Each structure stands twice: as structure tokens, then as C-alpha cells.
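To keep things clear, I will list the structure first and then write my remarks on it.
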Amino acid sequence: MSIQKVQQALNSLVKIHEALLEISREKTEVIKEGKVEKLQSILVKERKRIRELEQAENARIHIVEAFVKEHPSVSDPSITSLLEHLDKEEEKTELEASAISLTEAITKLKQQEQLNQELINQSMQFVQLSLDLMNPSLKNLNYGEGKAASSAGKRSVFDSKA
């Protein structure tokens, strides 16, 4: 097993994360517009990409495990350990660049998803506020037993029995 297979697996993960980032950006725009139907179709696309991501991650795990088995000098299946094992400087720089690209893509995706979560939370707060304004609480109503009881104690002199 060559290190190129590991690098290809990392590059595959980078491409999938970048595709997820694009979907997440689409999702942001749809959330801003408030189009629920379009959001549902985007979520279907996102689920498909997530399944691809899971498959690519499993493939990467198997490739790295096979590489570690073939090279007993590698202590654990981490990028750092693989980089320490490599002799060729070109392979090291390519693998390191792929790992950095993957980390950056994951970070950008995480930030975009946090933004989406905040937008959804704000939308939910707005909906809740709108509902609260449409259905005022009973405490704010002018009718009821509380009003009658308090007005009975404040009768004026003109309200006496004749």
C-alpha cells in the first residue's frame, strides 16, 4: 500500500467537505429567504453527501490501517505518524498539504453550519414572538375575576343604595 492511496483518500474527503460547504451556503440563503420547501430539498442533497462522506471516511480508515500493517515502523494511524515515516520530501509535502486542506474545509463547514444554526434559532425566536403577540397572555386581558374584585373594593360614594 502506497502513501498515494492515503493522499487520494484525503483528497476525496476534501472534495466531499467542499461540496457540503457549498450545500451549507445554499442552505444559508434559503433560511434567509424562509423557503421551507426548498430547504427540504437541500437537506435531501446534504444527506446524500453525508452518506458519501461516511463511505469515504471508512475507505480512508481501511487504507490507513493497511498502510500501518505494511509498515510496522509507523506507531499509530495518525497523519503525524505517517509524515514521520515518509522519507521522500515530496510525499511529505503533498500529504501535509492534503491534511491541511481537509482541516480547513472542515473548519469552514463547521463555521457555516454554526451560522445556519444561529439563523434558525433567530427564526424560531421570531416565530415564537409573533405567536406571543397574536395570543396575549391572560394576565394582560382587561376582563376577568381579578378586575371585578378589585373594582368592587373601590366604590365611590355615589354608588350607595338608596
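The values are calculated or read from the model by the stated rules, or taken from the named source; none is laboratory data. Remember, predicted model here, so these are calculated numbers, not experimental data. In this analysis, Cβ positions are derived from the backbone assuming ideal geometry, glycine residues included, and neighbour counts consider all displayed protein chains. With ligands, DNA and RNA removed, areas are computed over all heavy atoms of the protein, side chains included. Shrake-Rupley method; radii C 1.70, N 1.55, O 1.52, S 1.80 Å.
Side notes on the structure shown:
- Region 108-125, residues that are surrounded by fewer than 11 Cβ atoms within 10 Å (Cβ to Cβ) and either under 20 Å from residue 40 (Cβ atoms) or touching a Leu at 6+ places or on another chain (Cβ under 7 Å) (or both): 121, 124
- Selection within region 66-85 - closer than 15 Å to residue 9 by Cα, touching a helix residue (DSSP H, G or I) at 6+ places or on another chain (Cβ under 7 Å) and in a helix (DSSP H, G or I): 67, 79, 82
- In the set 93, 80, only one residue is among the polar types (S, T, N, Q) and surrounded by 12 or more Cβ atoms within 10 Å (Cβ to Cβ); that residue is 93.
- Filtered residue count, region 24-65, keeping only those that are open to solvent by less than 60 Å² (accessible area, probe 1.4 Å) and assigned to a loop (DSSP other than H, G, I, E, B): 1
- Of all residues in region 38-56, those that are touching a residue at least 24 places away in the same chain (Cβ under 8 Å) have Cβ atoms under 6 Å from Cβ atoms of residues that are of a type outside the set (Val, Ile, Thr) and in a helix (DSSP H, G or I), 6 or more apart or on another chain, in 49/19; 49/20; 56/12; 56/13.
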